[in-house]
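**Q** Mind looking over this structure? Questions follow.
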């Protein structure tokens, strides 16, 4: 049986293996920008920082994204804005990450330009195939393990990562949802190209130490290391 037909994409290099995602609470914490800049220095080209704030107004979200764009570029990291294509465009971010209720990948790329980096979250293998066919540069597969970030979504397990990877036609698939450092081997073995986390970094006693741990573990699978 033939795999899904996907849109050829030669615009962007492979995405970083480690994606650190924010939420509204994280964005509002004192010292967020300073901590985020330090994470970018730690991660370098192996890290993508997602500015995500579903309830944060566009103005403050844009200000935060703009404050991080230059630092991300200097470190070779990717600064990604979640859902808000307008904010990503205005901030000059490396790209945008879309939820299943966001704009389609094709429409986001039309607005941002052909060279834009566009990712998508999916919660089914079929949605993974659709995202790949539309030309997503990377795909988040979740929720893999239980997580307070998405209490309404049942944990799917590493087998779900394998299903999405098989459906995605070779597009990079990153596991999200409760992915702790000890679970990295399981999701990478299942076919993930990397992982995305919120609480694994932001709720750690020392976010920088937590990020280094993830990066060092991932380097054993990807060869991309900036966490020493």
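The values are calculated or read from the model by the stated rules, or taken from the named source; none is laboratory data. Only a predicted model underlies this, so the values are computations on that prediction, with no experimental measurement involved. Note that we place each Cβ from the backbone using ideal geometry, even for glycine, and neighbour counts take in every protein chain shown.
**Q** Among the residues of the range 159-177, are any farther than 14 Å from residue 17 by Cβ, free of Cβ contacts under 8 Å to residues at least 40 places away in the same chain, part of a loop (DSSP other than H, G, I, E, B) and out of contact with any strand residue (DSSP E or B) (no Cβ under 7 Å at 6 or more places or on another chain)?
**A** Within the range 159-177 (the criterion being farther than 14 Å from residue 17 by Cβ, free of Cβ contacts under 8 Å to residues at least 40 places away in the same chain, part of a loop (DSSP other than H, G, I, E, B) and out of contact with any strand residue (DSSP E or B) (no Cβ under 7 Å at 6 or more places or on another chain)), the answer is yes, since at least one residue qualifies.
**Q** When you look at residue 187, is it closer than 15 Å to residue 138 by Cβ and surrounded by 22 or more Cβ atoms within 10 Å (Cβ to Cβ), yes or no?
**A** So residue 187 fits the description; yes.
**Q** Looking at the range 95-112, which of its residues are in a helix (DSSP H, G or I) and under 12 Å from residue 82 (Cα atoms)?
**A** Within the range 95-112, just 108 meets the criteria.
**Q** List pairs: first residue in the range 216-228 and farther than 14 Å from residue 44 by Cα, second residue modelled with pLDDT of 95 or more and crowded, with 19+ Cβ neighbours inside 10 Å anywhere in the structure, Cβ distance under 7 angstrom, at least six positions apart or on different chains.
**A** Listed pairs, sorted by first residue: 217/184; 221/188; 222/17; 222/194.
**Q** Also, quick follow-up: Go through (1) touching a residue at least 40 places away in the same chain (Cβ under 8 Å); (2) buried (at least 23 other Cβ atoms within 10 Å of the Cβ) and name the single condition residue 118 misses.
**A** For residue 118, the exception is condition (1).
**Q** Which pairs do you get when a residue that is closer than 18 Å to residue 31 by Cα, found in the range 187-205, comes within reach of a residue that is surrounded by fewer than 24 Cβ atoms within 10 Å (Cβ to Cβ) and at pLDDT below 95, reach meaning Cβ atoms under 6 angstrom, with the pair 6+ apart or on two chains?
**A** 198/149
**Q** Restricting attention to the range 192-228, report how many residues are surrounded by fewer than 18 Cβ atoms within 10 Å (Cβ to Cβ), part of a loop (DSSP other than H, G, I, E, B) and modelled with pLDDT of 95 or more.
**A** 4
**Q** Free of Cβ contacts under 8 Å to residues at least 12 places away in the same chain and either within 24 Å of residue 60 (Cα to Cα) or part of a helix (DSSP H, G or I) (or both), is that true of residue 86?
**A** Criteria not met by residue 86.
**Q** Also, quick follow-up: Please verify whether the range 54-68 includes one or more residues that are under 23 Å from residue 165 (Cα atoms) and at pLDDT 95 or above.
**A** No: the range 54-68 contains no residue that is under 23 Å from residue 165 (Cα atoms) and at pLDDT 95 or above.
**Q** With the requirement that a residue be crowded, with 19+ Cβ neighbours inside 10 Å and either part of a loop (DSSP other than H, G, I, E, B) or in contact with a helix residue (DSSP H, G or I) (Cβ under 9 Å, 6 or more places away or on another chain) (or both), what does the range 38-59 give you?
**A** 39, 40, 42, 43, 46, 47, 48, 49, 51, 52, 53, 56
Let's see how each residue does on (1) in contact with a helix residue (DSSP H, G or I) (Cβ under 8 Å, 6 or more places away or on another chain); (2) free of Cβ contacts under 8 Å to residues at least 12 places away in the same chain; (3) surrounded by 21 or more Cβ atoms within 10 Å (Cβ to Cβ); (4) assigned to a helix (DSSP H, G or I):
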| residue | (1), (2), (3), (4) |
| --- | --- |
| 61 | yes, no, yes, yes |
| 65 | yes, no, yes, yes |
| 70 | no, yes, no, yes |
| 81 | yes, no, yes, no |
| 132 | yes, no, yes, yes |
| 139 | yes, no, yes, no |
